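Taking it in order: structure first as structure tokens, then the write-up.
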Amino acid sequence: MDIYINKIHYPVKELGNGENRLGIWLQGCPIHCNGCINKDTWTLLEERKISFDELKKILAKFKKKNICGVTITGGEPFYQPAALLELALFLKEITGGDIFVYSGYSFEFINEKYPDILKNIDVLVSEPFKENETDKLIWRGSDNQKIWLLSEKARKIYPGNINEIEYTERKMQYSIVGDELYMIGIPARKDLDKFYELLKERGLNCEKV
């Protein structure tokens, strides 16, 4: 089996519980939400395809880091459902933490089409990003999105009122890999515009993806 991967990053501190999470961004998304900040993950690029055996070797190295959980986003993880299921099953072998998955599909759609995946992850963030919605609630790009605690493990880690908790302080991670700058987290509205303006002020001509 092959899988399309955009990037893997450790540690991830702003997408789920804990500060030593493993982050996996899958490549490919058919939803194309207006205002999406991850447009570079939309196309199923062949250069992003690797075998699942190769991916397992990469991920196995993180077992010794005692990761507190894994966040899977994209892209649209459920665009590769067979690979996502295999990934969830393997991640259970390398971490006792929660598996936290973002999706732009509705919960009803996922529950109907992919119940086996829901049985093997702990947390789901569902519904498409809507740029005309408010963005006050934690770990979501827009407040129409909902967090589902799917397992007993998740209900022990996350508060029962998770869908009511607002950001008290929104933080972003920045990481330079080679000649690329990665931004990890969920920026507030217009923060990206401010970020690009600051780069321009410092003489860096960066274009939005």
(request) Mind telling me which of the residues 23, 35, 16, 28 ends up being surrounded by fewer than 17 Cβ atoms within 10 Å (Cβ to Cβ) and of a type in the set (Gly, Ala, Ser)? (result) 35
(message) So if I check each of 19, 76, which one is among the acidic types (Asp, Glu), within 19 Å of residue 123 (Cα to Cα) and at pLDDT below 95?
(response) 19
(request) Could you check residue 125 against (1) in contact with a helix residue (DSSP H, G or I) (Cβ under 6 Å, 6 or more places away or on another chain); (2) under 21 Å from residue 38 (Cα atoms); (3) not basic (Lys, Arg) and say which number it fails? (result) (1)
(request) Can you run down the residue pairs with Cβ atoms below 6 Å, 6 or more apart or on separate chains, where the first is in region 81-96 and free of Cβ contacts under 8 Å to residues at least 60 places away in the same chain and the partner is crowded, with 17+ Cβ neighbours inside 10 Å and assigned to a helix (DSSP H, G or I)? (result) 84/77; 84/117; 85/117
(request) Select from region 1-24 the residues that are part of a loop (DSSP other than H, G, I, E, B) and hydrophobic (A, V, I, L, M, F, W, C) and write down the one among them that is nearest to residue 99 (Cα to Cα). (result) 15
(request) Would you check if there is a residue in region 87-103 being touching a strand residue (DSSP E or B) at 6+ places or on another chain (Cβ under 7 Å) and on the phi > 0 side of the Ramachandran plot? (result) no
(message) Quick test of your reading of the structure: residue 31 fulfils all but one of (1) modelled with pLDDT of 95 or more; (2) in contact with a strand residue (DSSP E or B) (Cβ under 8 Å, 6 or more places away or on another chain). Name the failing condition by number.
(response) (2)
(request) May I ask you to verify whether residue 93 is at pLDDT below 95, acidic (Asp, Glu) and in a helix (DSSP H, G or I)? (result) yes
(request) Look through 67, 110, 8 and report the one residue that is within 14 Å of residue 184 (Cα to Cα) and either under 17 Å from the mean Cα position of the chain (by Cα) or without any contact (Cβ under 8 Å) to a residue 12 or more places away in the chain (or both). (result) 8
(request) Take region 39-64 and flag every residue that is touching a residue at least 40 places away in the same chain (Cβ under 8 Å) and assigned to a loop (DSSP other than H, G, I, E, B). (result) 44, 45, 62
(message) Test of understanding: among 139, 148, which residue is over 19 Å from residue 5 (Cα atoms), in a strand (DSSP E or B) and aromatic (Phe, Trp, Tyr)?
(response) 148
(message) Being exposed (fewer than 12 other Cβ atoms within 10 Å of the Cβ), of a type in the set (D, E, K, R) and within 24 Å of residue 105 (Cβ to Cβ) narrows it down to one residue among 127, 164; which is it?
(response) 164
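The values are calculated or read from the model by the stated rules, or taken from the named source; none is laboratory data. Computed from a prediction, not measured in an experiment: that's the story for all the values here. When we count neighbours, we look across all protein chains shown, and the Cβ atoms used for this are built from the backbone with ideal geometry, even at glycine.
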